Amino acid sequence: MKHYEVEILDAKTREKLCFLDKVEPQATIAEIKNLFTKTHPQWYPARQSLRLDPKGKSLKDEDVLQKLPVGTTATLYFRDLGAQISWVTVFLTEYAGPLFIYLLFYFRVPFIYGHKYDFTSSRHSVVHLACICHSFHYVKRLLETLFVHRFSHGTMPLRNIFKNCTYYWGFAAWMAYYINHPLYTPPTYGAQQVKLALAIFVICQLGNFSIHMALRDLRPAGSKTRKIPYPTKNPFTWLFLLVSCPNYTYEVGSWIGFAIMTQCLPVALFSLVGFTQMTIWAKGKHRSYLKEFRDYPPLRMPIVPFLL
């Protein structure tokens with residue numbers, strides 16, 4: 001059985017960082033990363049991006065050496081992805097923050113609204129309902145992170161957690177400040193508006209959870225298998241007939257419902273920013289599905305049926 005020689009160069013400087021002799025043909029990129037770590041322990045596998053071209057795409061951990069377009073002496077280019085942190089840790093941090101921050105404003109802890117309002121309670125029932133909905137949303141997200149989601153990538157750059165937390169925590173504080181403010185006024189159309197918004201919120205929360213469960217069942221534990229998601233017997237999953245990422249569709253719908261319920265501008269802006277970002281993610285996933293699966297359903301749109 002012939003063996004391979006693998007040289008790893010710095011993608012920026014072309015400096016030789018490592019030379020691996022007698023590498024098995026069946027070796028995966030993940031195994032090569034582990035061998036590289038032995039000579040450069042500061043670059044643990046999650047920090048490494050190995051590619052065939054200095055400006056090319058990163059090779060997948062499961063790629064096998066002998067199946068790559070290389071000779072018996074393979075040249076790989078290395079890029080440092082920076083310090084990494086697990087997705088679970090990131091999500092727990094992102095979602096626990098808004099839950100805690102919102103409750104600080106809801107209970108009107110000192111130094112927020114003035115001394116005479118410390119630990120007082122709003123007289124408007126919609127304020128209490130909004131707190132229940134907001135808390136439910138983030139508790140649901142925390143539980144899904146722990147027990148539902150299966151991540152194709154174990155880590156993400158550490159710097160991203162600061163950007164993400166600024167977004168989630170900042171908007172949570174901004175929304176909570178106005179919704180729980182002593183001068184807050186209820187929605188224009190009263191109980192009818194609140195009931196309609198609550199129905200939208202609850203339906204979209206159930207839909208979002210249903211999609212997450214359907215996606216979880218597509219990927220066996222410990223694998224990176226990718227399949228085309230299809231509707232199941234659960235009616236909430238039938239949105240897969242029209243969009244590639246119905247979890248994002250339901251997520252946006254939840255926040256639209258919350259915005260209608262509270263009639264609060266910061267919530268509307270949060271919904272708009274979230275929709276913009278999720279549209280970018282949805283378009284990326286949609287393109288990936290089309291590229292990977294030739295029989296991908298042609299009627300699906302990324303996030304909004306028939307439009308976007």
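The values are calculated or read from the model by the stated rules, or taken from the named source; none is laboratory data. What you see is a predicted model; the values in this text were computed from it and never measured. Neighbour counts are summed over all protein chains in view; Cβ atoms, including those assigned to glycine, are modelled from backbone coordinates with ideal geometry. Side chains are part of the model used for accessible areas, which takes the heavy atoms of the whole protein and leaves out ligands, DNA and RNA. Shrake-Rupley method; radii C 1.70, N 1.55, O 1.52, S 1.80 Å.
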Among the residues of region 31-60, write down those that are in contact with an Asp or Glu (Cβ under 8 Å, 6 or more places away or on another chain) and either open to solvent by less than 30 Å² (accessible area, probe 1.4 Å) or of a type in the set (Phe, Trp, Tyr) (or both).
Lys33, Trp43, Gln48, Ser49
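Would you mind finding the one in Val139, Val126 that is of a type outside the set (Gly, Ala, Ser), touching a Leu at 6+ places or on another chain (Cβ under 7 Å) and assigned to a helix (DSSP H, G or I)?
Values: Val126 fails: touching a Leu at 6+ places or on another chain (Cβ under 7 Å).
After ruling out the rest, the residue left standing is Val139.
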If Phe201 meets every condition in (1) in a helix (DSSP H, G or I); (2) surrounded by fewer than 15 Cβ atoms within 10 Å (Cβ to Cβ) apart from one, which number is that one?
(2)
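Can you confirm whether Asp80 is among the charged types (D, E, K, R) and under 19 Å from Thr155 (Cα atoms)? Quick ask: steps written out before the conclusion?
On the way: among the charged types (D, E, K, R): yes; under 19 Å from Thr155 (Cα atoms): yes.
Yes, satisfied.
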